[in-house]
């Protein structure tokens, strides 16, 4: 973990070989790096799957060719032979409790016994070799997200939804993330093992980042590869709205004061609308609506005060995050 110059030089060679389509040679070289640094014993790959027969074998082959042998596949009772393929490839297969990606990951975390766990989708979209870049940052972070660098393989509507959700997450939790919904990330095991993340399905990535942002705020990012997926996508348009809604619910859990005042600030809109109607009616017909003016003025005042208090609550929460970060830094230095 301390040979950072060696790692960076090695990754440069790997990228060069990849451009020349010498993938096997590049992976063989990475495997030597991993063996030299002892990384094969510090990380477990956790792969949640549901009917991923087209991609799971390729993903496991790539992981093993890198020199990593601790691979857990948590299968959601696939009907296409995904679990059987994973077993044949030498992965440890666990059948998840319940349904959905969130429960699959929480099930898998119970079986991880290494300091770090790399969660990666089983559809071949992510390059497992990017785990090296993430691991070399883990001394300073509790989570390192592999940002999808090649966005052309993400549908345009999904790209927009990811941007909206990430921006909303950054606003609510005071972070500066680029891709909170990435399906490839490395976690410090002792920070997440045993935690009951209150999320379902594809909202698990947001739930994990929300939990860590509220605890230590030590979340980093690295740019990684993103390829065309193998097989049919499970992510539907409705899932994007569900994730956005879950992000708001998580904000209610970790920063309820801010969310309450944000909801209260919505009263500004009807207040402005009513006052505008009263003003226009008075200017046009010399008719003054006393009751409507009182209601409009009250709504406007409540909305404005709520807006100001929501901004104050947000900055106080960010101050809390920064203080916690400083305290954790002091603890590590002692």
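No lab work stands behind these numbers, since they all come straight from the coordinates. Computed from a prediction, not measured in an experiment: that's the story for all the values here. Reconstructed Cβ throughout: ideal geometry from the backbone, glycine too, with neighbour counts over all protein chains shown.
Observations on the structure shown:
- Likely footprinting exposure, 65, 203, fewest C-beta neighbours within 10 Å first: 65, 203
- Residue 292 paired with residue 99, simple spin-label distance in nm, labels 7 Å along Cα-to-beta-carbon: 5.0 nm
- Prolate/oblate/rounded call for the range 52-127, Cα gyration tensor, a/c under 1.5 rounded: oblate
- Label-reachable residues, the range 70-94, where backbone N falls under 15 Å from a point 7 Å from residue 232's Cα toward its Cβ: 78-82
- As a proxy for reagent exposure, ranking 79, 114, 49 by other Cβ atoms within 10 Å from fewest up yields 79, 114, 49.
- Prolate/oblate/rounded call for the range 88-243, Cα gyration tensor, a/c under 1.5 rounded: rounded
- Counting 0.36 nm for each residue step from residue 315 to residue 263 and taking away their Cα separation leaves a gain of 17.0 nm.
- Descending Cα extents along the principal axes, the range 256-333, whole Å: 72, 17, 12
- Anisotropy class of the range 96-166 from Cα gyration tensor, a/c 1.5 cut: oblate
- Förster radius 56 Å - calculated FRET efficiency between residue 88 and residue 302, Cβ distance, rounded to 0.05: 0.30
- Each residue in 106, 138, 168 was given a count of other beta-carbon atoms within 10 angstrom of its own, and listing them fewest first yields 168, 138, 106.
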